[in-house]
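Let me give you the structure first, and then I'll get to my questions.
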Amino acid sequence: MTADAAVDVARYLARIGLPDPGDPSVASLERLQRAHLTAVPFENLDVYAGRGVATELDWSYPKVVDRNRGGWCFELNGTFAALLAALGYRVTRLGAAVLLEGDTDREGHLTVRVDLDRPYLVDVGFGDSFFRPLPLDTPGPHDGGKALYRFHSIDGRTTLIELGPEGPHAQYRFTDRPRALSDFSSESTRLQTDPSLHWRAGRFATRLLGGGPDRVTLLEDRLKLRHAGVWTEQAVAPGEWAATLDRWFALEP
């Protein structure tokens with residue numbers, strides 16, 4: 001299955017609980033983004049267990065749609081882009097350098113541009129991030145649902161910046177150059193095999209609740225819930241972890 005191959009739209013929409021998203025529009029795009037972020041968790045279970053994951057659609061599509069699993073950006077944004085294209089959206093896959101832990105030029109993230117009346121950035125594979133399409137043709141600030149976001153562009157590169165309570169925080173930097181899923185294969189291998197990275201340090205899963213902004217996040221030793229902007233936590237013992245994962249995410253380790 002190639003990145004532009006036809007997908008079973010009805011089954012994919014059933015997977016995310018949105019049987020009729022409507023015709024392509026920014027309102028429909030937001031419904032799709034919220035539904036995907038609610039139904040399909042951002043999680044590292046396969047990577048943590050050393051089972052290995054791939055970037056191509058013939059891996060990620062069955063995982064997300066048939067096996068009711070989640071994944072990371074290459075899988076989630078890879079499949080979401082295919083769904084959007086099948087629904088008639090003009091989609092461009094973009095490579096991004098993640099800046100959460102400092103400056104880098106490594107394109108360790110796959111994100112998605114959608115062109116409607118104007119270009120929008122959408123993302124279902126960056127964890128606790130924006131869940132509304134962000135207009136790319138103005139710097140902002142834009143309401144991303146979780147927080148305000150703005151763009152800073154220079155020399156053909158655009159940085160996504162979250163405007164949080166502690167000040168602006170760069171998220172990732174990207175260009176308009178289209179990417180194929182295969183372009184991320186080597187970085188995917190590096191990220192899942194480097195034992196110094198957080199992907200191998202502990203299991204996690206996170207998703208929106210009810211379309212956001214509420215969220216649930218399961219870490220190795222605790223469950224975090226955000227409701228009305230307030231986080232609460234409860235300890236999760238090792239023997240309770242699998243049952244907690246099943247309760248909140250319908251997944252097995």
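Apply the Karplus parameterisation 6.51 cos²θ - 1.76 cosθ + 1.60, with θ equal to phi minus 60°, to every residue of the stretch 73-87 and state each ³J(HN,Hα) to the nearest whole Hz, in sequence, with x for glycine and proline.
Those phi angles translate into 4, 4, 7, 6, 5, x, 6, 4, 4, 5, 4, 4, 4, 5, 8 Hz.
Let me ask something additional. List the residues whose amide H sits under 5 Å from the amide H of N44, counting only those 5 or more places along or on another chain, with H placed 1.01 Å from N in the peptide plane.
Residues meeting the criterion, in which the H sits 1.01 Å from N, are F204.
Determine the equivalent ellipsoid of the stretch 1-107 by diagonalising the alpha-carbon gyration tensor, then write out the semi-axes as square roots of 5 times the eigenvalues, largest first, rounded to whole Å. Please list the in-between numbers first.
Values: eigenvalues 106, 60, 37 Å².
The answer is 23, 17, 14 Å, longest axis first.
Which order do the peptides 74-82, 179-187, 34-42, 96-104 take when ranked by the mean count of other beta-carbon atoms within 10 Å per residue, highest first? Write down the numbers at each step before the final one.
Working: 74-82: 26.9, 179-187: 16.6, 34-42: 23.6, 96-104: 14.2.
The peptides rank, most packed first, as 74-82, 34-42, 179-187, 96-104.
Any idea what % of Cα-Cα pairs in the chain are farther than 23 Å?
Percent of Cα pairs beyond 23 Å in the chain: 49.
Could you go through the stretch 123-135 in sequence order and give the Karplus-derived ³J(HN,Hα) for each residue, using 6.51 cos²θ - 1.76 cosθ + 1.60 with θ = phi - 60°, rounded to whole Hz, and x for Gly and Pro?
For the stretch 123-135, the Karplus curve yields 7, 10, x, 10, x, 7, 9, 5, 10, 10, x, 10, x Hz.
Compute the signed sum of charges (Lys and Arg +1, Asp and Glu -1) over the other residues within less than 9 Å, Cβ to Cβ, of L181.
For residues surrounding L181, the net value is 0.
Additional query: Note down the magnitude of the dipole of the chain about its Cα centre, charges +1 on Lys and Arg C-beta and -1 on Asp and Glu C-beta and zero elsewhere, to the nearest 20 debye. Working shown, then result.
Values: 29 positive and 35 negative charges, 53 e Å.
Dipole size: approximately 260 debye.
Along the charge dipole of the chain, Cβ charges K/R +1 and D/E -1, which of P213, G108, G164 sits furthest on the positive end?
P213
Pop out the ³J(HN,Hα) list for the stretch 233-245 in order, Karplus 6.51 cos²θ - 1.76 cosθ + 1.60 with θ = phi - 60°, rounded to Hz; leave Gly and Pro as x.
Karplus-based 3J(HN,Hα) across the stretch 233-245 equals 10, 9, 5, 10, 6, x, x, 9, 5, 4, 5, 5, 4 Hz.
What 222 nm value per residue comes from the helices of the chain, counting each DSSP H run with n ≥ 4 as -39,500 (n - 2.57) and dividing by all residues, nearest 500 deg cm²/dmol?
-7000 deg cm²/dmol
No value in this document is a laboratory result; all are computed from the given coordinates. These numbers were taken from a predicted model, which means no experiment stands behind them. Virtual Cβ from ideal backbone geometry, glycine too; neighbours counted across all protein chains shown.
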